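The values are calculated or read from the model by the stated rules, or taken from the named source; none is laboratory data. If you're wondering where the values come from, they're calculated on a predicted model, not measured in any experiment. Cβ placement follows ideal geometry from the backbone for every residue including glycine, while neighbour counts extend to all protein chains displayed. Side chains included, ligands, DNA and RNA excluded: accessible areas come from the protein's heavy atoms. Shrake-Rupley method; radii C 1.70, N 1.55, O 1.52, S 1.80 Å.
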Amino acid sequence: MSNAPEAPERTKGLRRVVRSTLAGQLTSEIRAAILDGQFPAGGQLNEMALAGQFGVSRGPVREAIQRLVQEGLLRAEPHRGVFVVDLADDDIVDIYFTRKSLEIAAIRRVMADPRRIALADELMGLTDRMAVLLGSGDWAEIADLDLHYHRRIVEEARSERLSRGYNTLQAETRLCLRLMMAGYRQNRALIEEHERLARFIGDGHPDETEAEMDAHFGDPVRILERGRTAMREAPDLPGLSRAPESARSP
């Protein structure tokens, strides 16, 4: 007679879940299209048209849209429809204010942990990859590495609730970065900022690290304006979302 434990009985009402649902795949596809600028800021999305393009029923498209509304990439207006967010200057300031608050809280805990040295090495490696991509002008990939760099700092604080709060900003942050990357075009400012921050973390100087983090966030609206100017001068720059010429009223 086998001593192996019996499999637990299946709880009534619970269904088996699949690894990747159709709605999840659609969410990823529509999110990518928004971030790549295929769906422009302020543009309306049509549920039936999307279902036709993807060759699916409207149900999973509706679910995908609801998820992206929760992420902050789409907004639903009663009796009008669903629109791609058009970030106002005030929106960008608020996103960066919240990010900075969370990341400074994270960096204070990181600096008290000896594992920060390994983190600093990892961050410098990410910065090196950004520097390589700078030569090819792959700003979309640079933006993704930038986001990963900052997410690693928050993760190393090892606070489940801090990470959970930070994760709610990921989609909006990614959209901001895609809009703002042109503001760093043709210079190494972005690379140098990340190099300094990684170096301060490794050296173990908490006051200097926190001051550098504060300076790193800088003035996001000013950087966005530089990005808008760059897009007007070279609208076909690879890997950039087109920044809106004027901000909507919040």
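Compute the Cα gyration tensor for the stretch 31-140, then decide on rounded, prolate or oblate, letting a ≥ b ≥ c be the square roots of its eigenvalues: rounded whenever a/c is under 1.5, prolate when a/b is larger than b/c in the other cases, and oblate in all that remain.
Judged from the Cα gyration tensor, the stretch 31-140 comes out prolate (a/c at least 1.5, a/b above b/c).
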The stretch 22-150 - accessible surface per residue (Å², probe 1.4 Å): 48
Taking all protein chains in place and a 1.4 Å probe, what share, in percent, of the accessible surface of the stretch 74-200 do carbon and sulfur account for? 51
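If R0 is 22 Å, what FRET efficiency do you get for R188 and A32 from their C-beta distance, rounded to 0.05? Working shown, then result.
Numbers: r = 28 Å, r/R0 = 1.27.
Computed FRET efficiency for R188 and A32: 0.20.
Obtain the radius of gyration and the Kirkwood radius of the stretch 92-141 from its C-alpha atoms and give Rg over Rh.
Details: Rg = 14.3 Å, Rh = 13.0 Å.
Across the stretch 92-141, the Cα-based Rg/Rh ratio is 1.10.
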Extension gain E63-N167, at 0.36 nm per residue separation less the Cα-Cα distance, in nm? 35.4 nm
The percentage of the accessible area of the stretch 20-70 (probe 1.4 Å, all protein chains present) made up of carbon and sulfur atoms, to the nearest whole number, is 48
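Round to the nearest 0.05 the FRET efficiency obtained for D89 and I117 when R0 = 41 Å and r is the Cβ-Cβ distance.
Details: r = 38 Å, r/R0 = 0.94.
Between D89 and I117 the formula returns 0.60.
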Please compute the length gained on full extension between E47 and R75, using 0.36 nm multiplied by the number of residues separating them and subtracting their Cα-Cα distance. 8.7 nm
Taking every alpha carbon pair in the stretch 95-211, what does the distance histogram look like in 5 angstrom bins from 0, in percent? 2, 12, 23, 23, 22, 14, 5, 1
